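Working notes, beginning with the structure itself.
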Amino acid sequence: MEFQVRCSPAILYEFLSTPSGLGEWFADKVKQKENRFQFLWKGSVEEAEMIAAEENEYVVYRWDWMDEQEYFEFRIEKSPVTNETLLTVTDFADKKEIADQERLWEAQIHDLKHRIGS
């Protein structure tokens, strides 16, 4: 899924890669120890590993329960046509869960854009 976000890649990257940034829009609270992230939502806890990152370009996470080849990725690009910042979200889901996942990401990115002021 691709979203236009009105901010610099550097600001967006902070919201996608740090506990304080992720805690603003993705989870109620986020803790980090090295490349391990703990996401807390109203009593629920999920853990993920940051498996790849390039400052201001992309961040890739894998939930502990995901298969080795599955991940979710945030990729930041500048549109060559409009010069706007684009955020592409890649995630894995079963066919029957795709619509739910799309709605979830749309809601999450809406919250992110609100926090950024986009």
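The values are calculated or read from the model by the stated rules, or taken from the named source; none is laboratory data. All of these numbers come straight from a predicted model, not from anything done at the bench. All Cβ positions, glycine included, derive from the backbone under ideal geometry; neighbour counts span all protein chains shown.
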Only one of 84, 47, 14 is surrounded by 12 or more Cβ atoms within 10 Å (Cβ to Cβ), touching a residue at least 24 places away in the same chain (Cβ under 8 Å) and not hydroxyl-bearing (Ser, Thr, Tyr). Can you tell me which?
84
For the stretch 27-44, which residues satisfy the criterion of being part of a loop (DSSP other than H, G, I, E, B), in contact with a strand residue (DSSP E or B) (Cβ under 7 Å, 6 or more places away or on another chain) and surrounded by fewer than 17 Cβ atoms within 10 Å (Cβ to Cβ)?
28, 35
Given the criteria under 20 Å from residue 51 (Cβ atoms) and either at pLDDT 90 or above or outside any helix (DSSP H, G or I) (or both), does residue 67 qualify?
yes
Condition first: in contact (Cβ under 8 Å) with a residue 24 or more places away in the chain, touching a Lys or Arg at 6+ places or on another chain (Cβ under 7 Å) and not in a helix (DSSP H, G or I). Can you find one or more residues in the stretch 71-79 that meet it?
no
If residue 87 satisfies every condition in (1) in contact with a Leu (Cβ under 9 Å, 6 or more places away or on another chain); (2) assigned to a loop (DSSP other than H, G, I, E, B) but one, which is the exception?
(2)
Test residue 112 against the stated conditions and say whether it is crowded, with 17+ Cβ neighbours inside 10 Å and assigned to a helix (DSSP H, G or I).
yes
So which of 36, 6 is over 22 Å from residue 98 (Cβ atoms), of a type in the set (D, E, K, R) and at pLDDT below 95?
6
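Filtering the stretch 1-18 down to residues that are of a type in the set (Ser, Thr, Tyr) and part of a loop (DSSP other than H, G, I, E, B), which residue is nearest to residue 79 (Cα to Cα)?
8
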